[in-house]
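Asks: First the structure, which I've put down as structure tokens, then a few questions once you've had a look.
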């Protein structure tokens with residue numbers, strides 16, 4: 001015959017504490033769940049555009065990559081997904097820099113604004129300092145390269 005232990009009786013105070021913690025966890029999940037879900041979706045779009053599989057022209061490719069990367073950084077920072085999206089977008093800008101410097105600079109501008117804004121928060125800026133510095137460097141090189149290129153004039157044929 002097994003000996004039964006008497007049930008553990010909790011004081012009303014500890015029962016209240018457990019219920020309060022469960023309530024806080026539920027409220028946190030309800031408030032942060034959609035934000036994290038949307039940020040992960042933006043990260044997936046960033047990965048797609050950064051993979052180069054899209055059949056977009058360079059300008060549209062840069063615009064879409066910047067849009068989704070900035071959205072992902074905005075929603076996911078300080079989680080690692082925000083830094084990953086920023087790094088992927090900077091990689092695309094580096095790829096575009098040699099052949100399409102104007103598009104590379106246009107990709108870096110909105111991303112740099114988002115990284116600077118998010119980086120103003122001490123807590124949310126974790127992991128974003130490297131991508132921000134790299135984005136600024138790529139933008140500066142792309143802008144100087146774009147200025148060095150002769151401007152294409154419509155209706156005029158180059159010799």
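No value in this document is a laboratory result; all are computed from the given coordinates. None of the values given here were measured: they were computed from a predicted structure. Here Cβ is always computed from backbone atoms with ideal geometry, including for glycine, and neighbour counts include all displayed protein chains.
Asks: Under a 10 Å cutoff between Cα atoms, tell me which one of 35, 57, 141 has the largest fluctuation in the Gaussian network model of the chain.
Replies: 57
Asks: Show me 88-94, 109-115 ranked by packing, highest mean number of other Cβ atoms within 10 Å first.
Replies: 88-94, 109-115
Asks: Using only Cα atoms, tell me the angle between helix 12-50 and the longest principal axis of the chain; keep it within 0 to 90° and round to the nearest 10.
Replies: Tilt relative to the chain: about 20 degrees.
Asks: Less than 17 Å from a label point 7 Å out along the Cα-to-Cβ axis of residue 32: which backbone N atoms in the stretch 83-124 qualify, by residue?
Replies: 83, 122-124
Asks: Taking springs between alpha-carbon atoms closer than 10 angstrom, which of 62, 70, 98 fluctuates most in the Gaussian network model of the chain?
Replies: 98
Asks: Determine the calculated [θ] at 222 nm for the chain from helices alone, applying -39500 (n - 2.57) to every DSSP H run no shorter than 4 residues and normalising by the residue count; nearest 500 deg cm²/dmol. Show your work: numbers first, answer last.
Replies: Working: 5 runs with 115 residues, N = 159.
The per-residue figure over the chain is -25500 deg cm²/dmol.
Asks: For the stretch 21-124, what relative contact order do you get, as a whole percent, if you take Cα pairs closer than 8 Å and at least 6 residues apart?
Replies: 27 percent.
Asks: By how many degrees, 0 to 90 and rounded to 10, does the Cα axis of helix 129-148 deviate from the longest principal axis of the chain?
Replies: On a 0 to 90 degree scale, this one is about 10.
Asks: Over the Cα atoms of the chain, compute the convex hull volume and normalise it per residue, giving Å³.
Replies: Numbers: hull volume 27.9 nm³, N = 159.
In the chain, the Cα hull volume divided by residue count equals 175 Å³.
Asks: Does anyone have the angle between helix 101-119 and the longest principal axis of the chain? Alpha-carbon axes, 0 to 90°, nearest 10?
Replies: Computed tilt is about 30 degrees.
Asks: Taking the Cα of residue 117, stepping 7 Å toward and past its beta carbon, and measuring to each backbone N in the stretch 72-92: which are under 12 Å?
Replies: Label zone hits: 72-75.
Asks: To the nearest Å, what is the center-to-center distance of the stretch 67-93 and the stretch 22-63, using C-alpha atoms only?
Replies: A separation of 9 Å, based on Cα centres.
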